[in-house]
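A.B. asks: I have a structure I would like to understand better, so I am pasting it below and will then ask my questions one at a time.
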Amino acid sequence: MKGLAKIISTIFHPLVMPIVCLIYILYSPTPWSGLPFSYKSLMMLYIGLGTSLAPLLCIALLMVLRLVKNVEMPSRSERFLPLILSCLSAAITCYIITTNSHAFVFPALIRMVEGITFMFFLALLITPFWKISLHSMGMGGLMSFLIVLGISCGQDFTIAACVVVALTGLVCWARLYLEAHTPMQLVVGYLVGALTMTIAFVHP
């Protein structure tokens, strides 16, 4: 069971969530699945690299330097530097897609990256004092993204939302089983992620 919990925690790492969002809205049956392949590739490159791959590479480098034990970053002290680098990478990505004319084809992508940037920033502020769950924060942000995007565009994402609910239960179970977080840390992380992504979409 411990091995299964570790696999779930790794697969649904918070830095994987932006890639999941991108794949779903660009390649599943949504109103945006018919966008040009060149545009999809460009957004996957910009957003995937800036919000997922670059932060993961930074964590890998910190692991080589023995500043971080593993990708889970079990202690609060290990999370501070990776969160700084992740926040900077997401902020740079947000600037690039905002100033790139191609991004205006799909403004919701800009909102998504803004939400991810603010989530990293809030986690950075909270982590020195409390070990908030980054996993549940990522799942909360994903759920909020689906709901708000569905409402704003009139698309029914009910099935996808139900899948995310089930996956959230699995992720929270895994984090509790591994004794990585308390129930309160998971709940607060989920609420922070959901509220941050919602605010990113509805602010003027």
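The values are calculated or read from the model by the stated rules, or taken from the named source; none is laboratory data. The shown structure was predicted, so the numbers you read here are calculated from the model rather than taken from an experiment. FYI the Cβ positions are ideal-geometry reconstructions off the backbone, even for glycines, and counts take in every protein chain you see. Note: accessible area is taken over every heavy atom of the protein model, side chains too, but ligands, DNA and RNA are not part of it. Shrake-Rupley method; radii C 1.70, N 1.55, O 1.52, S 1.80 Å.
A.B. asks: Taking LYS69 as the anchor, which lysines have their alpha carbon closer than 26 Å to its alpha carbon, excluding any fewer than eight residues away along the same chain?
C.D. replies: Result set, ordered by chain and number: LYS2, LYS6, LYS131.
A.B. asks: Taking the solvent-accessible surface of protein heavy atoms with a 1.4 Å probe, what is the per residue accessible area of the chain in Å²? Before the final figure, lay out each step's value.
C.D. replies: Numbers: 9950 Å² over 204 residues.
Per-residue accessible area for the chain comes out at 49 Å².
A.B. asks: Which whole-Hz ³J(HN,Hα) couplings does region 184-195 yield from phi under the Karplus relation 6.51 cos²θ - 1.76 cosθ + 1.60, θ = phi - 60°, glycine and proline marked x?
C.D. replies: 5, 5, 5, 5, 5, x, 5, 5, 4, x, 5, 5
A.B. asks: OK, next. Taking the chain as a Gaussian network, where each spring joins two C-alpha atoms under 10 Å apart, which residue of LEU61, LEU124, LEU83 fluctuates the most?
C.D. replies: It is LEU61.
A.B. asks: Follow-up. Using the basic label-point model (7 angstrom from Cα toward the beta carbon), what is the LEU56 to LEU191 distance in nanometres?
C.D. replies: Reported label-point gap for LEU56 and LEU191 is 3.1 nm.
A.B. asks: Treating the angle as unsigned and between 0 and 90°, give the value, to the nearest 10°, between the Cα long axis of helix 37-48 and the longest Cα principal axis of the chain.
C.D. replies: 30 degrees
A.B. asks: Here's a follow-up. Rounding to the nearest 10 and keeping the result within 0 to 90°, find how far the Cα-based axis of helix 17-27 lies from the longest principal axis of the chain.
C.D. replies: Helix 17-27 and the main axis of the chain meet at about 20 degrees.
A.B. asks: Using each residue's phi in region 160-175, evaluate 6.51 cos²θ - 1.76 cosθ + 1.60 at θ = phi - 60° and report the 3J(HN,Hα) Karplus result to the nearest Hz, with x for Gly and Pro.
C.D. replies: Per residue, the Karplus-derived 3J(HN,Hα) values read 4, 5, 5, 5, 5, 4, 5, 5, 4, x, 5, 5, 5, 4, 4, 5 Hz.
A.B. asks: Let me ask something else about it. Roll a 1.4 angstrom probe over the protein heavy atoms and tell me the percent of accessible area of region 1-62 that is carbon or sulfur.
C.D. replies: On the way: 2360 of 2950 Å².
On region 1-62, the fraction of accessible area on carbon and sulfur atoms equals 80 percent.
A.B. asks: Go ahead and estimate [θ] at 222 nm for the chain from helices alone: -39,500 (n - 2.57) per DSSP H run with n ≥ 4, summed, over the residue count, rounded to 500.
C.D. replies: It lands at -24000 deg cm²/dmol.
A.B. asks: For Cα Rg over 2.2 N^0.38 Å, the choices are (i) 0.98; (ii) 0.93; (iii) 1.22; which was calculated from the structure?
C.D. replies: Of the labelled values, this structure produces (i).
A.B. asks: Take the alpha-carbon centre of region 125-204, take the same for region 1-31, and report the distance between them in whole Å.
C.D. replies: 12 Å
A.B. asks: Using alpha-carbon pairs under 8 Å, 6+ residues apart, how would you state the relative contact order of the chain in percent? Each step should come with its number before you reach the end.
C.D. replies: Working: 244 pairs, mean separation 55.6, N = 204.
Answer for the chain is 27 percent.
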